[in-house]
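First comes the structure, then the notes that go with it.
The values are calculated or read from the model by the stated rules, or taken from the named source; none is laboratory data. Every value quoted in this text rests on a predicted model; they were computed, and no experiment measured them. In this analysis, Cβ positions are derived from the backbone assuming ideal geometry, glycine residues included, and neighbour counts consider all displayed protein chains.
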Amino acid sequence: MINCLVEVITSQEEAKFGVTPNRTLEIAKQICTLPGIKIRGLMTNGAFLAEREEVHPCFKLLKELKDQIHDANLAGVEVNFLSMGMTNDFEVGIEQGSNMIRLGRAIFGERY
């Protein structure tokens, strides 16, 4: 069984990848029919903004989508993980309910 997170674009940044918020439930319904794949949660990369507090709406939206998928009671779907927050905004992610953060730059430094 492959556990996965569905990546959702919660900001309007063109450099981000994933499904759009309005298609997230639809995609989850499609994925849960595939053998050997289990959705365990959602992830997003918030907008990269000078003021990290401005990323709150991106993370709040992902939490709402997680609740929506949970409420749909899809077979084989357990949305236990909410991955949002990186080195520059992980505190905001945690405030909004993240239980999985990504701290690459904090650990490995800037990329060249």
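Within the bounds of the range 45-56, is there any residue that is of a type in the set (Gly, Ala, Ser) and either assigned to a strand (DSSP E or B) or farther than 29 Å from Phe108 by Cβ (or both)? Looking through the range 45-56, none of the residues is of a type in the set (Gly, Ala, Ser) and either assigned to a strand (DSSP E or B) or farther than 29 Å from Phe108 by Cβ (or both).
Here Glu78 meets the list (1) part of a loop (DSSP other than H, G, I, E, B); (2) in contact with a helix residue (DSSP H, G or I) (Cβ under 8 Å, 6 or more places away or on another chain) almost entirely, failing just condition (2). Being assigned to a strand (DSSP E or B), surrounded by 13 or more Cβ atoms within 10 Å (Cβ to Cβ) and not acidic (Asp, Glu) is a property that does not hold for Arg102.
Just checking, does the range 75-97 include any residue being surrounded by fewer than 17 Cβ atoms within 10 Å (Cβ to Cβ), of a type outside the set (Asp, Glu), in contact with a Phe, Trp or Tyr (Cβ under 9 Å, 6 or more places away or on another chain) and at pLDDT 90 or above? Yes, the conditions are met somewhere in the range 75-97.
I'd like the residue in the range 90-110 that is of a type in the set (D, E, K, R) and over 18 Å from Phe17 (Cβ atoms) and, out of all such residues, is farthest from the chain's Cα centre (by Cα). Looking at residues that are of a type in the set (D, E, K, R) and over 18 Å from Phe17 (Cβ atoms), I get Glu110. Scanning the range 4-36 for residues that are assigned to a strand (DSSP E or B) and either farther than 17 Å from Ile101 by Cα or β-branched (Val, Ile, Thr) (or both) yields Val6, Val8, Val19.
Looking at Leu34, Leu5, just one residue is in contact (Cβ under 8 Å) with a residue 60 or more places away in the chain and either in contact with a helix residue (DSSP H, G or I) (Cβ under 8 Å, 6 or more places away or on another chain) or of a type outside the set (Lys, Arg) (or both), and that residue is Leu5. Scanning the range 8-31 for residues that are without any contact (Cβ under 8 Å) to a residue 24 or more places away in the chain and charged (D, E, K, R) yields Glu14, Arg23, Glu26.
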